[in-house]
Structure formats: structure tokens, C-alpha cells
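Trainee: The structure under discussion is supplied below as C-alpha cells; questions concerning it will follow.
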Amino acid sequence: MESQVPIFCRSDEQRPCITICSPSPTCECDCEAVRRILEEEITARNLGVSVGEMKVGCNGECPHGVLLGFPQRGFFYSQVSPEQAREVVSGTLEKSHIIFDLLHIDPLKATSGKILYDRSGFVATIDDSFCMVQVARYFLQFEEGVSCGKCTPCRVGSVELREILERIINGEGQPDDLQRLDLVCRAMQDAPYCDFARTTTGPVVSVLKHFHSEFEAHIDRGECPAGVCEGLVKKVEEKEAEEEGD
């Protein structure tokens, strides 16, 4: 019997149809149980859909319970229980029905349909194709031009953070850039005129904390783990071409 890919999943999309958050050392949610049920139900219904991964940084508070993402459609389900996982497969994947009781719609915790962040330090991307250095830059760009400019930490710091991240993304990161990012973020959190600087740097601090290795890969090895930073990808290709020529 041939697999029946549901209409909800676009067969011409490179992104996975559904993703799930992964457990962390400090997390005690039911994500493994939900994953198991999703995979069992998908197989039983012969849907031919694999369950992909998110990139998630969580401090263990698990503010969204088990989080599911739909990269092809650009939205999340939150607080998904093992019992509801079956309904997700039969209702959403198979019949294209949105389960509104699970839909993540809190505007204070979502700045993009594909990236989540809240002040607990939780950050998630809807699948694992995102470069987390670019995600940190995204949050700064999201706030660009909003600062009142009254205090130096915010006025100067936000510009310096963007410049450092741009340098790292372009393959020009310096050995002390991570330390510099940390110092600037601390200054913006400890000595601002108002809470705007703290709010602006919060996502950057969270991404640095949970995805430090991705920043190191960019700077130390000249690699973008997600393969999406064009400057680094080009340098890797040029290096491989030179090695083949030798």
C-alpha cells in the first residue's frame, strides 16, 4: 500500500511537516512520550510523514509544555499532552484541521510565526534549519530604531551587538567576540535608563547561553552548522576547491 501524504503536508517543501521539542537535562516534560505516539499514529495511518526536530533552549521551567511546530505552515502547538498527540495526527496532519485549544497565539511570547521567545529565557525555532547566530541578530533587528537613545548602554550597545553578530555571520568573527557580546549584554542589562535594553538583550543572552557551540563553530572553525550563512558557506566551498586543486 502506497503512503498517503496528507494535503496538510506540502510534498514540494524541503521543511519537515511536523517537529517536536527535544528533552534537556533540566526538562521533565512528556516530549519523548508525545514523539513516540506521533510516530506510532503516523505509521498506523500510513501517512508517510517523519517527525523532525526543533532547536530549543529551555531553563527547565517548560513554559509551553510539549511544543509542536508546523514549519510548512508557520505555527506552533503548545501544552500538547500524550493523549492529544493522537488528535494532532488524525485531526491536523490527516484532515488539515487546526486544533485551536493547542494553537500558540500569545502575542507577548511570539515575535515570528517560526521563532518563539519569552522572558523565562525560553527560545525555540520551528525546525532545526535555523542558524542561531542569525536568530540572535533577528531579535536585535526586530527592535532596531525603537530605542529612545537616552542612555549610552542602549544607544551604543545595541549597535555594537548588531555589528559583532554581522561579523560572525559573514565569517569574520574574532576570538574575543563571544566575550565582547557577553560584556555588552551585561552592560545593557545592568545600567540602562529603562527596561528596554534589558528586553532587547534578553533573547541574545538566551541564544548565547543555549547555543554557545554554534557561535564557536562560526568563529573557531569557520562553519555554520545550519549551512545558511552565505559568507561561511562560500569560504568552505573555496577551501574545498583549493584542496581538490592541490
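Trainee: Residue-wise, which Karplus ³J(HN,Hα) couplings in Hz belong to segment 86-100, taking 6.51 cos²θ - 1.76 cosθ + 1.60, θ = phi - 60°, and x for glycine or proline?
Mentor: For segment 86-100, the Karplus-derived couplings read 5, 5, 4, 6, 6, x, 7, 5, 8, 10, 6, 8, 7, 8, 5 Hz, x marking Gly and Pro.
Trainee: Please list, in order along segment 161-168, the HN-Hα scalar couplings obtained from phi with the Karplus expression 6.51 cos²θ - 1.76 cosθ + 1.60 (θ = phi - 60°), rounded to whole Hz, x for Gly and Pro.
Mentor: Ordered by residue, 3J(HN,Hα) equals 4, 5, 5, 5, 5, 4, 4, 5 Hz.
Trainee: For the chain, what is the mean residue ellipticity at 222 nm derived from helices alone (per DSSP H run of n ≥ 4: -39500 (n - 2.57); sum divided by total residues; nearest 500 deg cm²/dmol)? Before the final figure, lay out each step's value.
Mentor: Working: 8 runs with 100 residues, N = 246.
Taking each H run of at least 4 residues, the total per residue is -13000 deg cm²/dmol.
Trainee: Ok, one more. From the Cα gyration tensor of the chain, with a ≥ b ≥ c the square roots of its eigenvalues, which class applies: rounded if a/c is under 1.5, or else prolate if a/b is larger than b/c, or else oblate?
Mentor: On the way: a/c = 2.40, a/b = 1.43, b/c = 1.68.
Since a/c reaches 1.5 but b/c is at least a/b, the shape of the chain is classed as oblate.
Trainee: How far is helix 196-210 tilted, in degrees, relative to the longest principal axis of the Cα atoms in the chain, given as a value from 0 to 90 rounded to the nearest 10?
Mentor: Tilt relative to the chain: about 70 degrees.
Each reported figure results from applying straightforward, stated rules to the coordinates on display, with no laboratory input. If you're wondering where the values come from, they're calculated on a predicted model, not measured in any experiment.
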